[in-house]
Each structure stands twice: as C-alpha cells, then as structure tokens.
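Structure record follows, encoded as structure tokens.
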Amino acid sequence: MKDDIKDYEDIVISTRVRLARNIKDHRFPHLLQDEESKEIIEIFQNAMESVDPDKEFDFQRMSEVNSVGRRMLMEDHLVSPELNKNKEISAYFLHKDRKVNLLINEEDHLRLQVLNDDFTLRENLNRAREIEEQLEKKINFAFDDKYGYLTTCPTNAGTGLRASIMVHLPALREADYMEGLQDSLNKLGITVRGFYGEGSKASGDLYQISNQQTLGISEQMLVEKIENIAHRIVMNERNVRARTLEKHPVKIKDKVFRSLGVLKYARQIGEEEAFECLSNLRMGIDLGLYQGLGFKQMNEMMKKVQKYTVLNYKYDLKSYKEEDVIRADWIRDFIKKEEIFE
C-alpha cells in the first residue's frame, strides 16, 4: 500500500489553491463601470511589472480571445465560467508553465490560483503566497481586522483561500457511496463538486473536494484539513477497488478491456462515453489489468477529449458536426503513439 502523501497518482488527478482578493476603495466586479474596470486591470498590469521582471506571465484581455479559445481555457481549468461571463471587463495573466494564473475582475478583483498535477497543496499554497506578497507591495488589498480579506461573497472572506483536489472515484461511485460521502464531508465544512466545479456532474468519475470555510482558520490549517480528508478518501477508494476486483473479477476485467477496445477502435465517440471509457481504463491500470498506458497519459486524455479542445485537433474549428469523429481520431492517434506494446 502506498504511504507517501504525494504518491497518490492512482486517485489524485490534480490540486489547486486559489486566493481571492479585492483592491481597497474600489467596487466589486459586479458593480464596476467600464472605466473603473479598466483601472483595476491597469493596477494589476503595473504591479506585475515588478512581480514579473522576466516576463514569464502572458497578459490577455478576455474580450480579445475568441469564443472557442475561451472555452478551451475553461476546459483546462485555467479560467472560470465567471471570468468568461465577465469577458468585457476581465483579463488574466498566465504563467508560461500554465500552472499559475491571475484572473482579473472575475467574482473578485483578483483570483490568484496555482494548479498542479500532483498532490502538492502545500507547495501550491507557498507559491501563491509568494506572488501575493509581492503584489501586496504594490496594491492595497481590502482587509478588515475582524473579518480578514474582504470578498464579494461573504463565504470567501477571511483567508480568501479555496484548496481543492480533483480525485478519481469510480469504485465509490459504483458502490453508491458518494451520496453518503458528500453528506459526511458537508458536516466537516468540505464540499464535493463535479468535474467543472459548482453545479456540474462528475464526468469520468472525477470529483473536486474543497473547503467551504475560509474564516477563523489559517491557510495552513485549511490545507492540512483537505490533505487529511483526501488521504481517507484515497484509502477508501483503494479498498473498494480491491474488494470489487476480488468479488467480481470477470465483470471488472470485461469493463476495463471493453472500454479499451472502444477507445482503440471506435470511429466516433461522444464526450460522455469517452470519459466513461477512460475512467474504466484508468481504474484498470491501477488494478494491474493493463500496463499499456500510465496515469499521466490517462490524465492528458481526459483533458483533451473535451468538446472545444478536441475541435482544435488538426481540423477546421467550424466542423462542430464532426466532433465525435474528431475525438475518436485523436484518441486512436494518441494511443497508437503512446501505448507500450504488451
């Protein structure tokens, strides 16, 4: 059994830390007029000249990104639906490693987020803090001695921190444990959301686990709380997977290899079916049933089979009617290129 907190790639897809901040004496984004929204963007542009002297961040106004490009950024979790909704007044800074971005005029003036493909919440927090501390040398963020950092939504006040982990839980979902798990976590101030966050479903059995409480607890304690809960979830998922394989070996093997066959040979496949097959195959890799691909490759496939991302694969972006064909082509090409001969 794996014990290292970072050695969770069988279950953990990614981690994210997000800090919400607002500039003192400026209205929240939903109340901004055009000129004030431009002023907010200029404040961050000026601050980033000191924060980013080596020009490692690219700046982009959302209104200058086409609709497909905005959707692709959302599918990659680099921008939020709220930033897209506010495209006329919003912008973002994206680091060249695509792991750090600053969303400007989203729900708050600043949503600073650090993402990673490993179980690295503490490292994510440290990196976010470093950037925030540099910004605070140039920007006066709204802060109250009693309530902490002030945010548009009161539930984000205090630290303004959201720490989240994306996990793959096919066994717990199949065993009908997810509803009970969600109820238990809600009592602990933890929320469970789908692949695209609040209000979305768990495509490919992928769930986001994140904190609800931001006030009255330190950033470090929040991260440790999420880590501890994630550890228990990982252990439960592993145990249920092992028991299911022991009790129903033929059923599990059939599900895994039937999914592999669809992915390798289908000539058209929808997004939902692709996610389902990838989820089954990913679990099969963990159970030792298939060694042709690894977890990192499976994670990449789960990102790339999404609607707008797949439409950017060697085809004219206007070919929406061919989406399922394009997706099947991309999957077959990827597996052919990456698969280790067994």
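The values are calculated or read from the model by the stated rules, or taken from the named source; none is laboratory data. What you see is a predicted model; the values in this text were computed from it and never measured. A quick note on method: Cβ atoms are made from the backbone with ideal geometry, for glycine too, and the neighbour counts reach across all protein chains shown. Surface areas here come from the heavy atoms of the whole protein model, side chains and all, with no ligands, DNA or RNA. Shrake-Rupley method; radii C 1.70, N 1.55, O 1.52, S 1.80 Å.
So how many residues does segment 275-285 have that are in contact with a Phe, Trp or Tyr (Cβ under 8 Å, 6 or more places away or on another chain) and more than 17 Å from Ile331 (Cβ to Cβ)? Selection size over segment 275-285: 0. I'm checking my understanding of the structure. Among residues of segment 291-308 that are in contact (Cβ under 8 Å) with a residue 40 or more places away in the chain and surrounded by 19 or more Cβ atoms within 10 Å (Cβ to Cβ), which one is farthest from Tyr8 (Cα to Cα)? Checking each candidate, the answer is Tyr308.
Here the condition is being of a type in the set (Asp, Glu) and more than 20 Å from Ala171 (Cβ to Cβ); of Glu237, Glu276, Glu272, Glu224, it holds for Glu224 alone. Being open to solvent by 70 Å² or more (accessible area, probe 1.4 Å) and closer than 25 Å to Asn312 by Cα is true of Glu88. If you scan segment 320-341, which residues turn out to be surrounded by 15 or more Cβ atoms within 10 Å (Cβ to Cβ) and outside any helix (DSSP H, G or I)? Correct list: Glu339 only.
Output the residue which, of all residues in segment 135-145 that are open to solvent by less than 70 Å² (accessible area, probe 1.4 Å) and at pLDDT 95 or above, is farthest from Ile229 (Cα to Cα). Checked segment 135-145; the qualifying residue farthest from Ile229 (Cα to Cα) is Ile139.
Looking across segment 195-209, just one residue is modelled with pLDDT of 80 or more and surrounded by fewer than 21 Cβ atoms within 10 Å (Cβ to Cβ), and that is Ser203.
Among the residues of this structure, Val68 counts as one that is β-branched (Val, Ile, Thr) and farther than 18 Å from Glu132 by Cβ.
Of all the listed residues (Gly158, Gly194), the sole one being under 30 Å from Glu271 (Cα atoms) and of a type in the set (Gly, Ala, Ser) is Gly194. Within segment 136-154, the set of residues being under 20 Å from Val223 (Cβ atoms) and under 25 Å from the mean Cα position of the chain (by Cα) comprises Tyr149, Thr151. The residues on offer are Gly180, Gly148, Gly158, and the sole one that is at pLDDT below 95 and crowded, with 19+ Cβ neighbours inside 10 Å is Gly158.
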